[in-house]
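Before any comments, here is the structure.
Derivation of every value follows stated rules applied to the coordinates shown; laboratory data play no part. Since this is a predicted model, take the numbers as computed values, not measurements. In this analysis, Cβ positions are derived from the backbone assuming ideal geometry, glycine residues included, and neighbour counts consider all displayed protein chains.
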Amino acid sequence: MAAVTENRLVCMQGKSSYILWLPSWYPNELDPFDGDFIQRHAHAASLHSNIHVIFVKADWKGRITDKQHESFTKTERLSEHIIYFKKTGSFLGRLNSFRKWIRLFKKAVNEYIKENGKPELVHVHVALRAGIIARWIKRKWGIDYVITEHWTGYLPEAEKRLHDFPFYIQTAWRRIMRNAASISVVSGYLGQCLEKILPGIAFTIIPNVVDTSIFKPVDNEKNSTVSFIHISLLNYQKNADDIIRAMSILKTEHLQFQLFIFGPSNDGLVKLVNDLNLQGEIEFHQEIPQVELAKFVQQSDALILYSRYETFGCVIIEANACGIPVIVSDIPVFHENVTDGFNGLFAEPENPRALARALVEFLEKRHQFDNKNLADHTRKKYSYDTVGKSFQMWYNKINR
């Protein structure tokens, strides 16, 4: 309890201006990789603004608490307040849990504003859920809110879309979006899809960010056997199945390679590897922190991301920041951060033979990529400082 008190006192020192962040996803003790790209955005924004994050997380299985638990952290100009509460699975329990989620969020906001004064602005990440609190803040204190969207649910090709939600949730979402002072998206493609749902809505593009202190080039001897890496949640969207099938095609052509797959356990993919007799070429790894992951990326020859759909693709810029080219599916969003022959190659989506051809092309051209140049290009475009300045300019424009 003493540690919590100490960190909370740090948050209370002074009443300097700040931006209040309300994310719908955020890394936490139950899921350390949930919305980690939002936390990296927070670190970038905090280079130029004081940022306070409030995030409320339901603890379904009571792993952390059977009632309520809070954590406070502060680094430089970024402070984070995460609240956990026990959630039950029955319909009535889910309804009560949602009410508790709102009550805990409002209580945390009220207390922070009482101690530190009103924020200059409220910044929501992913409108569904957290946008409810932003609208309440606007009604109560007259403070504008902005929204950054990352969600694939706006894409027409997504497995789970906004249109699949009940009408009352869609209506609430539209009110949240229409009342925002401004909206940013992580890619132009996501913005275009959003505009089809809300015609006439304006958006600013602020891309995802890469931590160039860990994702950076290192001096390596070229691998004698080409080494590929794939990093994802290994779900339908990421389409790792077709990557494995493409690797099987390479093997039938007597080409040597290694593929390291990082992500949650997936028995179906392990079975596919075994069925195709690829145990000697493909190795599975669990999710690991970025500091450790970067070392594997740096030792690879190329990253493969063969997604069916995306709103950005953070692992692309992480690989490129290491000077490592990428082989990606030819979908619209990837053309925003991949240039064929410069920092990667494209392959027709959902076609293992097309991906295999792109992999063979890479084997033939891999020494032609200018690793230093693509790392420098990525650092300048997606570094914490660059993206942090974009947030600051956006905030200043709204607060004029």
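For a test of the definition: using alpha carbon positions, the gyration tensor, and the 1.5 limit on a/c, classify the range 157-198 as rounded, prolate or oblate. It is oblate, given that a/c is not under 1.5 and a/b is not larger than b/c.
So what's the back-of-envelope 222 nm ellipticity for the chain, counting only DSSP H runs of four-plus at -39500 (n - 2.57) apiece and dividing by all residues, rounded to 500?
Rounded to the nearest 500, it is -12500 deg cm²/dmol.
Scoring 155-166, 137-148, 233-244 by mean Cβ neighbours within 10 Å over their residues and listing the highest first yields 233-244, 137-148, 155-166. Under a 5 Å amide H cut-off, with hydrogens placed 1.01 Å from N, H123 pairs with L20, W21, L22, V146 among residues at least 5 apart or on other chains. Given their separation in residues at 0.36 nm each and the Cα-Cα distance between them, D370 and E283 gain 28.5 nm when the chain is fully extended.
Taking the 0 to 90 degree range and rounding to the nearest ten, how far is the long axis of helix 188-197 tilted relative to the main principal axis of the chain, both from C-alpha atoms? With both axes taken from Cα atoms, the answer is about 60 degrees. Shown in residue order for the range 214-231 are the 3J(HN,Hα) couplings computed by the Karplus curve 6.51 cos²θ - 1.76 cosθ + 1.60 at θ = phi - 60°: 10, 8, 8, x, 10, 6, 10, 6, 4, 5, 5, 10, 4, 10, 9, 9, 10, 10 Hz (x for Gly and Pro). Taking amide H positions as modeled 1.01 Å from N, with prolines and chain starts lacking one, the residues under 5 Å from N239 and 5 or more places away or on another chain are R308. Counting only Cβ charges, +1 for Lys and Arg and -1 for Asp and Glu, the dipole size of the range 52-208 around its Cα centre is about 800 debye. Summarising the amide proton neighbourhood of N266: residues at separation of 5 or more, or on other chains, whose placed amide H is nearer than 5 Å comprise an empty set. Placing +1 on the Cβ of every Lys and Arg and -1 on the Cβ of every Asp and Glu, with nothing else charged, gives the range 195-300 a dipole about its Cα centre of roughly 160 debye. For the range 298-352 versus the range 93-134, the spacing of their alpha-carbon centroids is 36 Å. Backbone geometry of the range 77-84 corresponds, through the Karplus equation with coefficients 6.51, -1.76 and 1.60 at θ = phi - 60°, to 3J(HN,Hα) couplings of 9, 10, 10, 10, 10, 10, 10, 10 Hz, x marking Gly and Pro.
Here the Karplus curve 6.51 cos²θ - 1.76 cosθ + 1.60, taken at θ = phi - 60°, turns the phi angles of the range 254-269 into couplings of 6, 9, 9, 6, 10, 10, 9, 10, 10, x, x, 4, 9, 4, x, 5 Hz, with x standing for Gly and Pro. Mean separation of Cα pairs under 8 Å and 6 or more residues apart, divided by the residue count, gives the chain a relative contact order of 15 percent. Under 1.5 on a/c is rounded, so check that first for the range 50-143, then, if it is not, pick prolate when a/b is larger than b/c and oblate when it is not; a ≥ b ≥ c are the square roots of the alpha carbon gyration tensor eigenvalues. Because a/c hits 1.5 or more and a/b fails to exceed b/c, the range 50-143 counts as oblate.
For the chain, the dipole from Cβ point charges (+1 on Lys and Arg, -1 on Asp and Glu) about the Cα centre works out to 2420 debye, to the nearest 20.
Highest average first, the peptides 25-37, 41-53 ordered by how many other beta carbon atoms sit within 10 Å of their residues are 41-53, 25-37.
Is the shape of the range 109-154 rounded, prolate or oblate, going by the alpha carbon gyration tensor and its root eigenvalues a ≥ b ≥ c, with a/c under 1.5 for rounded and a/b larger than b/c for prolate?
Numbers: a/c = 2.46, a/b = 2.35, b/c = 1.05.
Prolate is the answer for the range 109-154, as a/c is 1.5 or above and a/b outweighs b/c.
Between L30 and K106, the contour length at 0.36 nm per residue exceeds the Cα-Cα span by 25.2 nm.
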